Structures are given as structure tokens and as C-alpha cells.
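Here the structure is laid out as C-alpha cells; the discussion comes afterwards.
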Amino acid sequence: MHLTYLYDPLCGWCYGAAPVLDKLAMLDNLTVELAPSGLFAGEGARPLDERFAAYAWHNDQRINRLTRQVFSQLYRDQVLGGADGMFDSAPATLGIIAVGVTQLDREGDALKALQSARYVDGRNTSEIAVVADVLDRAGFPDAAARVRAPDEALLDIYRNRIGKSRQLMAAFRMDGVPALFIGEGDKRRMLRSDALFGGFDRLAAELQRRDRSFSADHSMNLPTNPVAGANTRSRNRN
């Protein structure tokens with residue numbers, strides 16, 4: 001079974017979905033393709049001013065209650081509270097793609113390392129130097145070197161990957177992430193948005209409903225955290 005995971009490394013809801021994605025990655029009968037959306041890169045980037053920081057922290061606390069993912073005080077003080085900061089996912093996205101180029105099938109590990117660096121360790125992953133250092137420490141020295149001095153080949157891959165994701169978003173009339181699709185090409189179907197936040201059991205049941213070849217016996221009994229009232233639009237800002 002092929003799954004496409006549409007995400008942004010600065011999306012708090014994508015970080016909230018990380019435990020379920022970790023479980024998916026452990027299954028032998030699934031292939032999970034990471035599709036970086038570039039939602040907060042380029043024209044989607046913005047200054048991280050006091051008002052937006054307060055909004056982000058409020059939203060992060062909601063995600064914490066629903067998913068138990070940690071948003072530390074270091075993150076609040078050093079990232080959201082940083083003077084003249086930017087909310088720009090281009091550096092982190094470039095880092096993840098560089099990992100995919102240099103170490104095939106390790107993009108998920110890079111995403112996890114960058115999310116932890118931001119939300120737990122309080123490091124500003126909107127900065128190229130920080131992204132490169134995180135990748136170095138996580139065991140991706142070649143990717144870190146590519147990020148510090150990106151060549152045209154890497155930038156072309158970055159633009160192409162984001163372009164494909166945005167085409168997918170346009171096809172499904174989406175304006176937010178995360179999103180999970182089952183199937184490939186024109187046969188892709190989007191799973192219900194709450195499936196990513198209800199624990200692995202709920203996601204397994206949804207996958208089985210969509211594809212009877214998937215066995216719900218793969219369920220690993222993550223804690224259930226149902227989302228009440230969340231929708232795609234409410235997740236597209238953090």
C-alpha cells in the first residue's frame with residue numbers, strides 16, 4: 001500500500017501527527033512518501049511577530065492536549081519569543097530534501113530531528129545555519145554540507161517536490177496540512193483528516209476501510225486522542 005503524507009516542517013499539527021507516522025513507518029506492507037508542501041516557505045513565510053507568536057503558542061497548547069506532543073518552554077522563549085524572527089519553513093524543507101538526496105529513505109528521520117530541535121530544544125529551524133547543525137548532529141553530514149551551500153541541482157529538486165505537492169493540494173482543493181493520501185497518481189484518495197490524530201488504531205481502521213488488503217491487526221495501540229472540531233483550515237497556520 002502506498003501512502004503520501006503532505007506536510008510542512010513548521011506545522012505544529014504535523015508535529016502532533018508524528019507518533020502515528022512513526023508507527024506507519026514500522027509496517028512492512030506500507031510505503032510512506034513524504035510530500036513537502038512548502039506551505040510556510042516563499043510567499044507563505046512571514047515575520048514571527050508578537051501577535052503571531054501568541055496565536056501559535058495557543059494553537060500549540062491545543063495540539064499538546066490532543067496528541068501529548070511536547071512544546072517546551074525553550075521553544076516558547078527562544079523560537080516564538082525570538083526578536084526579529086521569521087516563520088519560514090524553506091530552510092528545514094531544504095534540509096529534509098537534502099537528506100533524501102544523500103541518504104535515501106531517511107527523510108522521515110530528518111523531519112523528526114528537526115521537529116524535536118524546534119519544539120523541544122528551542123532551536124530556530126527557520127535559519128539555515130541551525131538546520132545544518134541539527135542535521136550534522138543527527139548523523140547527516142553530507143546533507144548538512146549541501147544545505148550550507150545549496151547547488152542548483154538541489155534547488156531544482158526542492159522546487160520540483162514542492163510543485164508536485166502544491167498540484168496535489170490544488171487537485172483536492174486543500175489550503176492546509178497535514179494530509180494523508182492512499183494510492184498513487186490519479187487513484188489517490190485522501191483519508192479523513194481526523195484519522196491522523198485519533199491514534200494508530202483509528203488510522204488502521206480507516207486504512208482498512210479504504211483498502212481491504214490492509215490488516216487492522218497491525219494496530220500498535222497508540223493512545224487515542226480524538227480531535228473535536230479541528231479542520232484542515234484551522235491547521236494551516238502552525
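Key figures for this structure:
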read-out: Any hit, region 58-80, residues being of a type outside the set (Lys, Arg), closer than 23 Å to residue 99 by Cα and surrounded by 17 or more Cβ atoms within 10 Å (Cβ to Cβ); value: no
read-out: Exclusive hit being charged (D, E, K, R) and surrounded by 21 or more Cβ atoms within 10 Å (Cβ to Cβ), set 8, 28, 49, 22; value: 8
read-out: Residue check, residue 161 under 18 Å from the mean Cα position of the chain (by Cα), within 14 Å of residue 5 (Cβ to Cβ) and not in a loop (DSSP other than H, G, I, E, B); value: yes
read-out: Subset of region 37-53 (residues that are over 29 Å from residue 167 (Cα atoms) and either touching a residue at least 12 places away in the same chain (Cβ under 8 Å) or hydroxyl-bearing (Ser, Thr, Tyr) (or both)); value: 53
read-out: Pairs where the first residue, in region 187-212, is within 19 Å of residue 171 (Cβ to Cβ) and polar (S, T, N, Q) and the second is open to solvent by 10 Å² or more (accessible area, probe 1.4 Å) and in a helix (DSSP H, G or I), C-beta under 6 Å, 6+ apart; value: none
read-out: Odd one out for residue 195, checked against (1) at pLDDT 55 or above; (2) open to solvent by 20 Å² or more (accessible area, probe 1.4 Å); (3) among the hydrophobic types (A, V, I, L, M, F, W, C); value: (2)
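The values are calculated or read from the model by the stated rules, or taken from the named source; none is laboratory data. Keep in mind that this is a model prediction, so the values were computed, not measured. Backbone-built Cβ (ideal geometry, glycine too); neighbour counts: all protein chains shown. When the accessible area is computed, the model is the full protein with side chains, heavy atoms only, and any ligands, DNA or RNA have been set aside. Shrake-Rupley method; radii C 1.70, N 1.55, O 1.52, S 1.80 Å.
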